[in-house]
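*Asks:* Let me give you the structure first, and then I'll get to my questions.
The values are calculated or read from the model by the stated rules, or taken from the named source; none is laboratory data. Bear in mind the structure is a predicted one, so any value in this text is a computation, not a measurement. Neighbour counts are summed over all protein chains in view; Cβ atoms, including those assigned to glycine, are modelled from backbone coordinates with ideal geometry. These accessible areas exclude ligands, DNA and RNA; they are computed on the full protein's heavy atoms, side chains included. Shrake-Rupley method; radii C 1.70, N 1.55, O 1.52, S 1.80 Å.
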Number of protein chains: 6
Amino acid sequence: MKVYLTRRERFNAAHKLWVEDWSEEQNKEVFGKCSNKNWHGHNYDLFVTVKGAPDPVTGFIMNVKDLSKILKRRVVDKLDHSNLNMDVDFIPKGIQPTTENLVVFIWREIEEEIKENGAELHCVKLYETENIFAEYYGE
Amino acid sequence: MKVYLTRRERFNAAHKLWVEDWSEEQNKEVFGKCSNKNWHGHNYDLFVTVKGAPDPVTGFIMNVKDLSKILKRRVVDKLDHSNLNMDVDFIPKGIQPTTENLVVFIWREIEEEIKENGAELHCVKLYETENIFAEYYGE
Amino acid sequence: MKVYLTRRERFNAAHKLWVEDWSEEQNKEVFGKCSNKNWHGHNYDLFVTVKGAPDPVTGFIMNVKDLSKILKRRVVDKLDHSNLNMDVDFIPKGIQPTTENLVVFIWREIEEEIKENGAELHCVKLYETENIFAEYYGE
Amino acid sequence: MKVYLTRRERFNAAHKLWVEDWSEEQNKEVFGKCSNKNWHGHNYDLFVTVKGAPDPVTGFIMNVKDLSKILKRRVVDKLDHSNLNMDVDFIPKGIQPTTENLVVFIWREIEEEIKENGAELHCVKLYETENIFAEYYGE
Amino acid sequence: MKVYLTRRERFNAAHKLWVEDWSEEQNKEVFGKCSNKNWHGHNYDLFVTVKGAPDPVTGFIMNVKDLSKILKRRVVDKLDHSNLNMDVDFIPKGIQPTTENLVVFIWREIEEEIKENGAELHCVKLYETENIFAEYYGE
Amino acid sequence: MKVYLTRRERFNAAHKLWVEDWSEEQNKEVFGKCSNKNWHGHNYDLFVTVKGAPDPVTGFIMNVKDLSKILKRRVVDKLDHSNLNMDVDFIPKGIQPTTENLVVFIWREIEEEIKENGAELHCVKLYETENIFAEYYGE
């Protein structure tokens, strides 16, 4: 039996989209206002889904408090009130911190530790605004 | 052709997480504040998804009013303003009413009747809070 | 690597559910208040998901601004402040504009142009109210 | 002591903004897409606030179920799945069903009956979309 | 100059509405399903508004982190995962824990400490569900 | 007769809270993570309320499209994807861009032009996150 459990966490961060090898015009053409040199930012909404069979005694796939602790230590403490281009150890420098890339980096950062807690990571979903979000399922 | 149709229903209920065979300390260690003897509660948000081909005349997979009626009679009328540990016929006593377990019990309660209405149950999704939800796809 | 990117758009429209070959009683019995001759309407919430590998330079599956432009030109400009039974070129006359049918028509309207932009259409999801939505995955 | 109690109800309706004495061009210039002859529609979100002192025994300003019943009978049953220009007895014909006008008409429709239930009407607030709402306080 | 600052906190709790002096029938008649002996519960959403002039150096009316700390220590830590009829020191026994009464008790619990932090309490607003909330302004 | 009309707009921006005259320790003590030198950011949700009597012909206090245009030209175009400490002409340099200060600056920027459109500015409300917002009523 497979049940899916999702925990939401939130973080607020600054970023910009900017390719160093490109001219300012090129950056503006592709990234529009997201290329503002002085940065802009977002309230990010993160949904992490794990899967597994509920334990017959506790009814837990994994304790959601443990899931929350992992997400806080590995993701939220690093990304909240940060600059996503400059401040985060698991986001490679020079890579654009688009929502599409962020879900992949977050997946890689937490996959192992969730497995150690007896569940399997299923999905990392990240809202940049109420109108844009990305999802990654590890494949 | 397969289209998915989802109906939301809501119910408010009390519960606690408590294993009878464990000491109070053990219960507190595993379940934290959820083990409060005097109960606590939630506004649950239920999303039930059925699938099928839209009828060429009505454009319906199944009449969403019929889906809502099934959910009200089989789920909401039983769970709304109830105690999930004590009051609900289709939740086995002694089983923890975690969100992960609830989606499985709700699935079993409604699967047959949805089939009798010409659609196929696809997913039961239940929010316990805005930060925690579980999903079950019948497997 | 496959990442999923979703863009939300909104439109407000009128419609009714009404089968011409049926009597008023039949229409009322099946469609209830949705068969009101004088129409009713909704704020529709549209979520379109595309998939693909993020570009190594831009971090984009496809530029979300291009996705938004396609959705505005092909869907929102045609459906917003429209009558879904009468005004929309890609909704066949006489077909019920149920949410289940609308997601299929929208899929067909945008699938090709998204492919031309280098991404693959994954899902069209449409909320009719906060309590009802439909999804279509192209199969 | 004055406490404020608010109840939300919802209804879905069609309408258009159209001044009979004006040309089509004038109507389009002032009302834009809202003047579409074939109507459009919205999911309306209604918040009605009453005020009073909580009863020392029941803790109620007025029973929220009674408030809900009044709103359903006097407002929702009349406006839900209706055409706001044509179908509603308490909306004068020829008057534009803007959100600003609707809150005034709804106020007049319910003020008396709330008083008869021992509370005082304080505010009628109506969302036309997530981006536009109007409020009326009776003055 | 007067600016208003609001902080949201959340808590989940069980309660019931039940007048000891009344028969079961009377309780059922007035309180409906809220009188279930085995309790029910809610996710409460609390909005506390303070007012004052922003400090010319910090731009703060009061540090929102201090406001949050007060709300957590005085309200959330006591009410979260509690039974509102039994567990909370500042809710008098025998008084109905309706939303209307709760906003008054919460006001009294925090008014003084907010004043000690240099701001003035303006409003306590509490959502019991997405459809019902109460407000108190101290008068 | 006085009716209140509210329009929501959104913008995403970077900022930090930092007093130049203070040491890094002082800034950290007062502003916590908000003092990160590399900036952080938010999705801001702006609600602007105007008041007046609905026009007997149009049913408008003022045309909500004109209100939206003013807000876009005077506020959103300047603040969206900006750095609130550096990029905005109507936010004085050296002043902390707290939510409390922002609502006052936005009020001053738009008050006059709303009056010229025949309505009266009533409230500027700004959400920094789902948990924090500020309001200003011009006094």
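*Asks:* So with the 1.4 Å probe, I'd like the accessible area per residue for the protein assembly as shown, rounded to whole Å². It would help to have the intermediate numbers written out before the result.
*Replies:* On the way: 33530 Å² over 834 residues.
Here the residues of the protein assembly as shown average 40 Å² of exposed surface.
*Asks:* Mind checking the dipole of the protein assembly as shown: about its Cα centre, +1 per Lys or Arg Cβ, -1 per Asp or Glu Cβ, Debye to the nearest 20? Show your work: numbers first, answer last.
*Replies:* Values: 114 positive and 144 negative charges, 1 e Å.
The dipole magnitude comes to about 0 debye.
*Asks:* Run the quick spin-label model on E:R73 and A:E139: label points 7 Å from Cα toward the beta carbon, then report their separation in nm to one decimal.
*Replies:* Label-label distance for E:R73 and A:E139, simple model: 5.2 nm.
*Asks:* Most fluctuating residue of F:E29, F:E109, F:E128 in a GNM of chain F with Cα springs under 10 Å: which is it?
*Replies:* F:E29
*Asks:* As an exercise, find the ratio Rg/Rh for the protein assembly as shown from alpha-carbon atoms, using the Kirkwood inverse-distance average for Rh.
*Replies:* Working: Rg = 26.7 Å, Rh = 28.4 Å.
Rounded to two decimals, Rg/Rh equals 0.94.
*Asks:* Taking each pair of different alpha-carbon atoms in chain E once, compute 1/r for the pair, average those values, and report the inverse of that mean as the Kirkwood hydrodynamic radius in Å to one decimal.
*Replies:* Numbers: mean 1/r = 0.0626 Å⁻¹.
It works out to 16.0 Å.
*Asks:* Same structure, new question: Nearest 500 deg cm²/dmol is fine: what mean residue ellipticity at 222 nm does the protein assembly as shown get from its DSSP H runs of n ≥ 4 alone, each adding -39,500 (n - 2.57), divided by its residue count? Each step should come with its number before you reach the end.
*Replies:* Details: 18 runs with 204 residues, N = 834.
Rounded to the nearest 500, it is -7500 deg cm²/dmol.
*Asks:* While we're here: Considering only the other residues whose Cβ falls under 14 Å of the Cβ of D:K115, what net charge follows from Lys and Arg at +1 and Asp and Glu at -1? Intermediate values should be presented prior to the final figure.
*Replies:* Details: positive: D:K51, D:R74, D:R108; negative: D:D66, D:E109, D:E111, D:E112, D:E113, D:E116, D:E120.
Here the count lands on -4.
*Asks:* Something else: Quick one: compute the contact order of chain E, relative version, from alpha carbon pairs under 8 angstrom and 6+ residues apart, as a percent. Walk me through the numbers before you get to the answer.
*Replies:* On the way: 244 pairs, mean separation 42.0, N = 139.
Relative contact order here is 30 percent.
*Asks:* What is the Cα convex hull volume of the range F:1-63 when expressed per residue in Å³?
*Replies:* Details: hull volume 7.4 nm³, N = 63.
In the range F:1-63, the Cα hull volume divided by residue count equals 117 Å³.
*Asks:* I want the local charge near A:Q96. Using Cβ-Cβ distances under 10 Å, sum +1 for each Lys or Arg and -1 for each Asp or Glu among the other residues.
*Replies:* On the way: positive: A:K16; negative: A:E100, C:D55.
Local charge sum for A:Q96: -1.
*Asks:* Choose one answer from A:T49, A:T98, A:T129: the residue with the largest mean-square fluctuation in a GNM of chain A with alpha-carbon springs under 10 Å.
*Replies:* For chain A, modelled as a Gaussian network with Cα springs under 10 Å, the answer is A:T129.
*Asks:* Using the Cα centre of the range E:57-97 as the reference point, and only Cβ charges (+1 on K/R, -1 on D/E), how large is the resulting charge dipole? Debye, rounded to the nearest 20.
*Replies:* Using Cβ point charges on Lys, Arg, Asp and Glu, the range E:57-97 gives about 120 debye.
*Asks:* Hey, with R₀ at 30 Å, roughly what FRET efficiency would E:E111 and E:E20 work out to, going by the Cβ-Cβ distance, to 0.05? Provide the component values of the computation, followed by the final result.
*Replies:* On the way: r = 30 Å, r/R0 = 0.98.
It comes to 0.50.
*Asks:* Which entries in A:K72/B:K33; B:K125/C:K16; D:K125/F:K51; A:K51/C:K2; A:K69/F:K33; B:K51/B:K125 show an alpha-carbon gap greater than 22 Å? Mind showing how you got there, number by number?
*Replies:* Details: A:K72/B:K33 19 Å; B:K125/C:K16 29 Å; D:K125/F:K51 13 Å; A:K51/C:K2 20 Å; A:K69/F:K33 19 Å; B:K51/B:K125 15 Å.
Too far apart for the 22 Å limit: B:K125/C:K16.
*Asks:* May I ask for the net charge around A:Y137, where only other residues with Cβ less than 12 Å from the Cβ of A:Y137 are counted and Lys, Arg are +1 while Asp, Glu are -1?
*Replies:* On the way: positive: A:K51, A:K125, C:K2, C:K51; negative: A:E111, A:E120, A:E135, A:E139.
Every neighbour counted, the sum reads 0.
*Asks:* Among B:F60, B:F11, B:F90, which one shows the highest mean-square fluctuation when chain B is modelled as a Gaussian network with alpha-carbon springs under 10 Å?
*Replies:* B:F60
*Asks:* Something else now. Given F:T58, F:L126, F:I95, which one lies farthest toward the positive end of the charge dipole of chain F, if we put +1 on the Cβ of every Lys and Arg and -1 on the Cβ of every Asp and Glu?
*Replies:* In chain F, that residue is F:T58.
*Asks:* Taking R0 as 35 Å, what FRET efficiency do you get between B:N131 and F:D55 from their Cβ-Cβ distance, rounded to the nearest 0.05?
*Replies:* Working: r = 45 Å, r/R0 = 1.29.
So, using R0 = 35 Å, E works out to roughly 0.20.
*Asks:* Shifting gears a bit: Output needed: percent of Cα pairs per 10 Å distance bin for the range F:67-122, bins running from 0 to the one holding the longest distance.
*Replies:* Reading the bins upward from 0: 23, 54, 21, 2.
*Asks:* Here is a follow-up. What figure, in Å² to the nearest 10, do you get for the accessible area of B:R7 with a 1.4 Å probe and non-protein molecules left out?
*Replies:* Here the accessible area works out near 40 Å².
*Asks:* So how far, in whole Å, is the C-alpha centre of the range C:1-72 from the one of the range E:93-139?
*Replies:* If we compute the Cα centre of each part, the gap is 41 Å.
*Asks:* So if I place +1 on the C-beta of Lys and Arg and -1 on the C-beta of Asp and Glu, and nothing else carries charge, what would the dipole magnitude of chain E be about its Cα centre? I want it in debye, nearest 20.
*Replies:* Values: 19 positive and 24 negative charges, 95 e Å.
Charge dipole, chain E, about its Cα centre: 460 debye, nearest 20.
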